[in-house]
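In what follows, a single structure is set out as structure tokens and then discussed.
The values are calculated or read from the model by the stated rules, or taken from the named source; none is laboratory data. These numbers were taken from a predicted model, which means no experiment stands behind them. Methodologically, a virtual Cβ is constructed for each residue, glycine included, from the backbone with ideal geometry; neighbour enumeration extends over all protein chains shown.
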Amino acid sequence: MVATVADYRVLDSGFRLSLQGGDGFQRSLGLDLDEGYVAGTNIARPILQFMVRAFQDNSRLVVVVNGSIELDNSNRIVPDSNVVLDREFDASPIRTYYVVIGGERFFPSAGNKLIFAVNADGSDDVLVESVVLWHQRRVAT
């Protein structure tokens, strides 16, 4: 017999995306999902959870699943079909943020990649902490 359970992966404890004293403008996180990974349904999809703090107003944060970051001539991110979050945050205390993601965006194996990025023009400064992916998987009972 097989059951479906909620599971999670802690992907990173934290990093700062900034060209001024941070870890650079992007951070790539690898993610391996075992064969029991459930891609999801209309009501059960993976959830990306993290804490975020912008140090200046209008700091843009972009998250890409299994894609890459492309920049325009002004070193600003050009969104593509792999973007699951593209949002500007105002300077504020740290807050928790959730993104519901279509399960088909992940591979039920090794080699998944999430990229967190800010514009590379020096205009953004964002702290990201406690990055967790919640998902479902099948287990034998």
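Among residues belonging to the stretch 12-32 that are over 17 Å from GLY67 (Cα atoms) and at pLDDT 90 or above, point out the one that is surrounded by the most Cβ atoms within 10 Å (Cβ to Cβ).
The residue in question is LEU17.
Somewhere in the stretch 90-99, is a residue surrounded by 17 or more Cβ atoms within 10 Å (Cβ to Cβ) and on the phi < 0 side of the Ramachandran plot?
No - not one qualifying residue is present in the stretch 90-99.
Scan the stretch 122-134 for residues that are surrounded by 15 or more Cβ atoms within 10 Å (Cβ to Cβ), farther than 12 Å from GLN49 by Cβ and of a type outside the set (Asp, Glu) and jot them down.
SER123, VAL126, LEU127
Scan ASN73, ASN112, ASN119, ASN66 and give me the residue that is in contact with a strand residue (DSSP E or B) (Cβ under 9 Å, 6 or more places away or on another chain), surrounded by fewer than 18 Cβ atoms within 10 Å (Cβ to Cβ) and modelled with pLDDT of 90 or more.
Of the residues listed, the single one that is in contact with a strand residue (DSSP E or B) (Cβ under 9 Å, 6 or more places away or on another chain), surrounded by fewer than 18 Cβ atoms within 10 Å (Cβ to Cβ) and modelled with pLDDT of 90 or more is ASN66.
Of the residues that make up the stretch 34-49, is at least one surrounded by fewer than 17 Cβ atoms within 10 Å (Cβ to Cβ), modelled with pLDDT under 95 and not in a loop (DSSP other than H, G, I, E, B)?
Checked the stretch 34-49: no residue is surrounded by fewer than 17 Cβ atoms within 10 Å (Cβ to Cβ), modelled with pLDDT under 95 and not in a loop (DSSP other than H, G, I, E, B).
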